[in-house]
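Here is the structure we will look at.
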Amino acid sequence: MKNLQQTTKIKWQENKNKYRIVTLTYVFMTVFVCWYVQIYLNDILMKQNYILTIFLLISWFPFLLGFFIYLFLKIPIKNYLFIPNFSKKIIWAFLIPSIVASIAIYISQYLLTINIDEPTLALHMEGDHIASALFLLFSAWMPAVFYCIVVSFGFEISLRGFFIEIAKRASLPFPWLLAGLLQFIILLPFLWFGYLGGGLQNIRYVFCWLVLLISLSAFNFWLSLPDRKSDAMLKNGLQLNNANRNLVPVLLAASIQNIVYYVVASRFVIESGHWWMSGPANVIAVVLYFLITIFLLTTKRLKYEYVWIS
């Protein structure tokens, strides 16, 4: 048994450099292509069809690149996407985004009644960001909801799935943090030009999204981990508490989050002339998710490592 464990550790060390090269290549190619598409097409993105097309493209290109790397290099990544076992975290995947949105909206509306005498009507209805583009292009709810689900699946399978797996195999610390940073870098041109709300070159708003994406990455990563260590795969005396990572709760939580941001709140929550993404509710949501991340860190619920059983 000890010889088996020692052999596995040696093989892990031998492959570490390969995974680091793969990780750096993946990051560079993803950022280069996504930035090129966003910046090069900046002049025509004011038309809502192009905004939605480009947003869909940058959400799924990382998946296509990761899938190509997976096939070309034959990386031995387990099938962690859809595992046929029920995870109790599915409940949290539904409750947390819903509760955070409810609290943020309630507190935000309460603050507005205190500080604002005459709230103005909605602005930015020309299709200059994702929310208004969805509002103008789709007359029905279901197409907009389906669009948000597709975008969520692309980002989460790529970043919380493939990227975290190769980052861990490269022995990089805090893979969930790196995944959140990568998503922020991918979306930085959209954030800078105001296509996700916030206005042109709004530094404070961009920083807000940095905290939000890192916090969401931590929460979604926790959702993907097994409920208990005993639920992990046991094989030949080797326990892998990361072998049964399950992306089903992650996909559910991310879909709800984006549906709230881009569909529900953008149609019903108008705060002093701003959409949800630009108003006080977004700031409150960022703070709440940040507190959830601090809780997960202090309780050591984001540990993702191999546990060797003697």
Highest-first arrangement of 138-146, 213-221, 100-108, 281-289, where packing means the average Cβ count within 10 Å: 213-221, 281-289, 100-108, 138-146
FRET efficiency, 1/(1 + (r/R0)^6) with R0 51 Å, evaluated for Q109 and I185 via beta carbons: 0.95
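What's the FRET efficiency of I203 with I91 using the Cβ-Cβ distance as r and R₀ = 25 Å, to the nearest 0.05?
Rounded to the nearest 0.05, the efficiency is 0.10.
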Extension gain, L172 back to F295 (0.36 nm per residue minus Cα-Cα distance, nm): 42.1 nm
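FYI, it's all coordinate maths here, none of it is from the lab. Small disclaimer: the values here were computed from a predicted structure and weren't measured. FYI the Cβ positions are ideal-geometry reconstructions off the backbone, even for glycines, and counts take in every protein chain you see.
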